[in-house]
Amino acid sequence: MKPKLPRSYKLLLSLALVIGPITWLMFTEDGRRRSDLFLLHILGNPSFNIAYEKLSPAVTEALIREQFPKVEFYCDTVATAFGDRLCAAKIASFNGLPARSAQLYFAGEQLRVLQLGYRRPYHEMLERSLREGLGEPQEESTAQQPVLIWMTDTGGQVMLPAEQPEAREDAALIWLARPN
């Protein structure tokens, strides 16, 4: 004998199977993040999952290219306050968060600055991630806005705006090598 389920039960179960995932994707922070990551990767930009707590001036352009072969860095010799060589790439994400770009500044062969442009809606999630990974930051005021600063054991500091930036261009995490 085959058990027969009532029609209304089948309908409710079917609706739950369809509405449940859609609700999660649209109305939860994690669901929206995963949807954005999926779309950004579909558009063709790669991930740049970097352990910024392990960055140091000993990191070279060759090492970055070796570690991230899918990321298309465009490099040029440009004199800036951060160094004499700039490498930039469009990225879909870094460390599981939707992103826009990565810029690396080198002085000679040494990495001096890494700037990761992230998507503004994920500011709080990025801050939580940094607090979990690097501990509690120092807060310092600048002329424009307060900045959270984490010191790393490998010769650098990670900086993030203390509040969600208003301008898209200001949404950036920066790793800065300590001066020699």
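Overall, the accessible surface of the range 111-180 at a probe of 1.4 angstrom is composed of carbon and sulfur to the extent of 42 percent. Relative to the longest principal axis of the Cα atoms of the chain, the long axis of helix 7-27 makes an angle of roughly 10 degrees. Rolling a 1.4 Å probe over the heavy atoms of the protein chains gives the chain an accessible area of 63 Å² per residue. To the nearest 10 square angstrom, what accessible area does R32 show with a 1.4 Å probe? Its accessible surface works out to 110 Å², give or take rounding. Taking the chain as the reference, fit the longest principal axis to its C-alpha atoms, fit the long axis of helix 123-134 to the helix C-alpha atoms, and give the angle between the two in degrees, 0 to 90, nearest 10. Helix 123-134 and the main axis of the chain meet at about 70 degrees. Treating r as the C-beta distance of E139 and L11 and R0 as 41 Å, the FRET efficiency rounds to 0.15.
What FRET efficiency comes out for the pair K70/E132, r = Cβ-Cβ distance, R0 = 25 Å, nearest 0.05?
On the way: r = 27 Å, r/R0 = 1.06.
My answer for the efficiency is 0.40.
Please list, or write none, the lysines whose alpha carbon is within less than 26 Å of the alpha carbon of K54, excluding same-chain residues fewer than 8 places away. Within reach: K70, K90.
In the complete set of protein chains, residue-level accessible area for T142 is approximately 80 Å², probe 1.4 angstrom.
For T60, put the label point 7 Å out on the Cα→Cβ axis and report which residues of the range 75-95 keep their amide N under 20 Å from it. Counting only backbone N, you get 75-78, 83-88.
All alpha carbon pair distances within the chain were sorted into 5 Å bins beginning at 0; the resulting P(r) in whole percents reads 1, 8, 14, 17, 17, 14, 9, 5, 4, 3, 3, 2, 2, 1, 1, 0, 0. Between the range 1-46 and the range 127-180, how many Å separate their Cα centres? One Cα centre to the other: 36 Å.
At full extension, E109 and D170 could sit 19.2 nm farther apart than now, given 0.36 nm per residue minus the alpha carbon distance.
Heavy-atom accessible area, probed at 1.4 angstrom with all protein chains present, ranks F82, F27, F106, F68 as F27, F82, F68, F106, highest first.
Using r as the Cβ-Cβ distance of E163 and D30, and R0 as 30 Å, what FRET efficiency do you calculate, to the nearest 0.05? Intermediate results must be reported in sequence, preceding the final value.
On the way: r = 22 Å, r/R0 = 0.74.
Efficiency, rounded to the nearest 0.05: 0.85.
For the range 91-158, applying the loop criterion from DSSP together with a ceiling of 15 other beta carbons within 10 Å to the GluC sites (Glu not before Pro) yields E109.
The values are calculated or read from the model by the stated rules, or taken from the named source; none is laboratory data. This structure is a prediction, so every number in the text was calculated from the model and none was measured. Counting neighbours? That spans all protein chains shown, and the Cβs are built from the backbone with ideal geometry, glycine included. Calculation scope for accessible area: heavy atoms of the full protein, side chains included, ligands and nucleic acids excluded. Shrake-Rupley method; radii C 1.70, N 1.55, O 1.52, S 1.80 Å.
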